[in-house]
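Below is one structure, written out as structure tokens; the observations come after it.
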Amino acid sequence: MSRSGLPDRPDGGAPAESDLTLRARAARAIPGGLWGHMRAQGLPPGYPQFFSRADGCKIWDADGREYLDFMCSWGPIVLGHHDPDVEAAADAQRRAGDVMNGPAPVLVELAELMTRQVAHADWTMFAKNGTDATTVCVTVARAAGGRRKVLVARGAYHGAAPWCTPSLVGVTAEDRAHLLHYRYNDVASLEEAAAQAGEDLAAVLVSPFRHDYGVDQELADPGFAQAVRRLCDRTGAALILDEVRAGMRLDLAGSWEPLGVRPDLAAWSKAIANGHALAAVTGAERLREAASSIYATGSFWCGAASMAAAVATLRKLQAVDGVARMRAMGERLRDGLAGQARAHGIGIRQTGPAQMPMLLFDDDPQAELGAAFCAEALRQGVYLHHRHNMFLSVAHRPEDIDRALEATDRAFSAVAALRG
């Protein structure tokens, strides 16, 4: 510890600045102190806002406290923080050149790799953020047929642009004028929304599974997925699969590949470069001309270091069977939590794929029990979330899951005491 009482920096430099001090500075320099889902304001008391470093499946906050990480930076970390193979590839490319007058050769290498790996893909293009990718998908679908209407599941999250952001502040009715809604896994409501769109239907935008905030996750019913495919085939609309959150965690060839359903377009980001800023759109041959015709670009979209990181990430996920490893650790965690809940006489619901776990408590509409559970786990050095799906990475090992379960057992005890 330094003389100021703050922990020393792990690199031996000047003492770290406390989380509270950083929050105060941010409040003066940044509107709201921060923005979006990265804010700690929506988390139970005691959660840190700022972090000093990360490695493998662990993170350290600005005050030097260590946590087992089950949010993985809200999804981008799939191999583990600071994966040595990924960082070596990114560093080598950065030394050669990153943002230049045009793309580096790794652009072509990555496009070829994704096009080979993703089962539905005949081509690939790149951007930076998930919102970029979903927006490009919608733009390509509209360009293909000159139609405007897009069907989206009610309550689903597809990005932070005016056409799809969950907030209506600063958004006009015109921004949303051509969105129509259906209920996830409900074929009748899907057909009803399509009927409203009529001949103006450009696309159906759908997540691989329902992962709305604060509610039970729903895996896609195969019959629903097949109905979406039939509808798009019948109408000529594009089936867009939003892989931004789930991509590379369920199936490396595409999240709906096990269901036998392939989209026309897919939006990717988060895990494809293990934390380096990158997004991608993959598409079918019939949409190549439309994709070529739209104007979509950004000053940093051809950044080569993140593309080198993505090449290393995708290759390593294949080499180590990353999806199976994450699933196994997720199942180990899920089984442990279920046993603990039974032992403590507490009703819980665990939904969605095991590698993207969601834990909600019965009879807890305001997530108060979930907040108490996660706050106690945090005090025990385990970073969970009480209303958002969590994420496993390849870096999680059995001993990490067992250490987390020691903490959650104490957290269940805290919930039991709260309930009296």
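Here is how the numbers come out for the structure above:
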quantity	calculated
Set 128/149; 270/316; 58/128 screened for pairs whose C-alpha atoms are more than 20 Å apart	128/149; 58/128
For segment 295-348: span of alpha carbons on each principal axis (Å, largest first)	56, 28, 17
Between 0 and 90°, nearest 10: helix 84-96 axis offset from the chain longest Cα axis	60 degrees
Amide H partners (placed H, <5 Å) of residue 53, local residues excluded	60
Chymotrypsin sites (Phe, Trp or Tyr not before Pro) within segment 22-70: DSSP coil, no more than 10 neighbouring Cβ in 10 Å	35
Spin-label proximity, residue 286 to segment 176-210 - amide N less than 19 Å from point 7 Å beyond Cα toward beta carbon	191, 194-195, 197-206
Förster radius 30 Å - calculated FRET efficiency between residue 188 and residue 367 (Cβ-Cβ, nearest 0.05)	0.45
DSSP-defined beta bridges in the chain - what % are antiparallel, rounded to 5	60 percent
Expected 222 nm ellipticity per residue - DSSP helices of 4 or more, -39500 (n - 2.57), all of the chain, to 500	-12000 deg cm²/dmol
J(HN,Hα) series, segment 196-202, from Karplus relation 6.51 cos²θ - 1.76 cosθ + 1.60, nearest Hz, glycine and proline x	5, 6, x, 7, 9, 6, 8
Separation of the residue 20 and residue 234 label points, Cα + 7 Å toward Cβ, nm	6.2 nm
Gyration tensor (alpha-carbon) shape descriptor, segment 165-273, a/c threshold 1.5	oblate
26 Å tail of the calculated P(r), the chain, as % of Cα pairs	57 percent
Segment 38-183 - Rg over Rh from alpha carbon coordinates, Kirkwood radius	1.02
Segment 90-247 - convex hull of alpha carbons, volume per residue in Å³	158 Å³
Label zone at residue 175 (point 7 Å along Cα-to-Cβ), backbone N below 11 Å, segment 278-322	none
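Only the coordinates and a few stated rules stand behind these numbers; no lab work does. Keep in mind it's a predicted model, so treat the numbers as computed, not measured. Cβ coordinates were reconstructed from backbone atoms using ideal geometry, including for glycine residues, and neighbour counts include every protein chain displayed.
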